[in-house]
Each structure stands twice: as structure tokens, then as C-alpha cells.
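Everything on this sheet refers to the single structure shown next.
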Amino acid sequence: MMNPKRTIVSRRSRPAKEPLSHELIVRTAYSLLKEEGMQGMTMRKIAKALDTGPSSLYVYVKNLQELNAYVMDYGLSELVLPPADESSWNIRLFGALDNYLMLLYEQPGLAELSLTTIPMGVNFLRLTEYILAALHEAGIRDRSAAWGVDLFLFYVSSVAFEQTSWKKNEGMQMSVIKESFLSADPTHYPMIASLSEEMFTGDNASKERFRWGLEVILQGIVQSYK
């Protein structure tokens, strides 16, 4: 016998799901990356967020590695590059890399992903083209410029990942490391003892140390194959 108090909900009243697509999968994976880091971006969790099965995702991406490449490129869509017709090539170059650092720093999951993934898409091509154009304008040889892009991007990713790691641990680990250097026995470690303060100079806010690293890489590229 039918219960007169029972409320019947029609399936037609539910909001329609967005059709599964490559773009939707990448967008969802990126959201999970920002919320949970790399551990949140598994095929199973992505499928659950999309209310589907993991096997459905493989229609659009070959594997997790390929998805990572697309997600990384999707994140790079937020990167703002300095106008190409303003200021000198080195100011534009360092400005672009500085913006890249801040993007990775603000999205910790993206910083971790950048160390293990080569992005695949137009946004990574745009960043690579921008760096190559600046190095070409500087008169740097083709091979040095091509290899130099890898050095710059790896350096930025490493700095961003290190900084986000310290931020996640609230600096506790860094304070322990610093103390171990400051208390090093000068008899056994005379150089460390004499330079212990200098080794921890250059705060993240001023980016002095980061810019120094960029300059060292740049000068190495300039001097190569002369």
C-alpha cells in the first residue's frame, strides 16, 4: 500500500551533471590538487568527485602521468607574464620567473607537481617561448638558451617547493636545522662556524636570495660555449 506521506523526488528535478570531458577531468583534478596536494589527485578520487568510475577517465587520458601534465599546464594558465614590449630583456625574464615562483608558492600542490611533471599544453609553450625570446634578445647561443630554460624552471620549482614545505611545517624544521649549524663545533667545522649566519640570510619576502640564484644561472648561460 502506498504511503500518502512519502515524498517522491523525480530524477528530472536534479540538476543535470556536466558531461564528462577532458577539460572537466583536468579542472576537477586541479581543484583536488589545490585542496589536498598530490595525494588528493588520484584517479579514484577524481572519479569520485565526478560521480563516475575510474575506468571512465581513461577514455580521455592515457594514465595519471599524462593527466598530471595537463593539470600542470592548466595551472600555468594563471601565470601572468610581463608585457614583451616593456623594459629590458633581463627585467622581463626575471619578472616572468618571479611570477612563476609566486604562482607555485600560492598553489603548494602545483609546486610539488612541477618537480615531477613536464607540462603539456599551450600555457607551458607560452612560458617557454617567453624565456627563449628573452635569452635570444640577450644574444645567447641557441643550445645554451634551450638548455637554460630547463635550469631556470627547475630552480624556480625547487625554491617554491622548499618554501611551501617550510610553510606547511610552520618553520619548525628550519629552526632545528639553523640551530645545528649555529652550534657546530668550530674545531671540526671552521668554515661552517665562520659562515653560519650568512648561510641563513636572504629572507623569502625580499627574494634577494632567489634573485641571486637567477643571476648565477643567467651568468653561467651567458658564459657557456664562448
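Restricting attention to the stretch 27-78 and to residues that are open to solvent by 10 Å² or more (accessible area, probe 1.4 Å) and aliphatic (A, V, I, L, M), the residue that is farthest from the chain's Cα centre (by Cα) turns out to be VAL59.
Can you tell me which residue within the stretch 14-26, out of those that are assigned to a helix (DSSP H, G or I) and open to solvent by less than 50 Å² (accessible area, probe 1.4 Å), is farthest from LEU110 (Cα to Cα)?
Filtering first and then ranking leaves LEU24.
Within the stretch 184-197, the set of residues being open to solvent by 40 Å² or more (accessible area, probe 1.4 Å) and part of a loop (DSSP other than H, G, I, E, B) comprises ASP185, PRO186, THR187, HIS188, TYR189, GLU197. The set of residues in the stretch 198-211 being surrounded by 11 or more Cβ atoms within 10 Å (Cβ to Cβ) and modelled with pLDDT of 80 or more consists of MET199, PHE200, LYS207, GLU208, ARG209, PHE210, ARG211. Can you pull out every residue in the stretch 103-144 that is of a type in the set (Val, Ile, Thr), out of contact with any helix residue (DSSP H, G or I) (no Cβ under 7 Å at 6 or more places or on another chain) and at pLDDT 95 or above? Within the stretch 103-144, just VAL122 meets the criteria.
Under 8 Å by Cβ, and 6 or more places apart or on different chains, what pairs join a residue from the stretch 205-224 that is closer than 17 Å to ASN99 by Cβ and touching a residue at least 24 places away in the same chain (Cβ under 8 Å) with one that is in a helix (DSSP H, G or I) and among the charged types (D, E, K, R)? Close Cβ pairs satisfying both conditions: LYS207/ASP98; PHE210/ASP98; ARG211/ASP98.
The values are calculated or read from the model by the stated rules, or taken from the named source; none is laboratory data. Predicted, not measured: the structure shown is a model, and the values here were computed from it. Because the Cβ atoms are built from the backbone with ideal geometry, glycine has one as well, and the counts that use them run over all protein chains shown. Side chains are part of the model used for accessible areas, which takes the heavy atoms of the whole protein and leaves out ligands, DNA and RNA. Shrake-Rupley method; radii C 1.70, N 1.55, O 1.52, S 1.80 Å.
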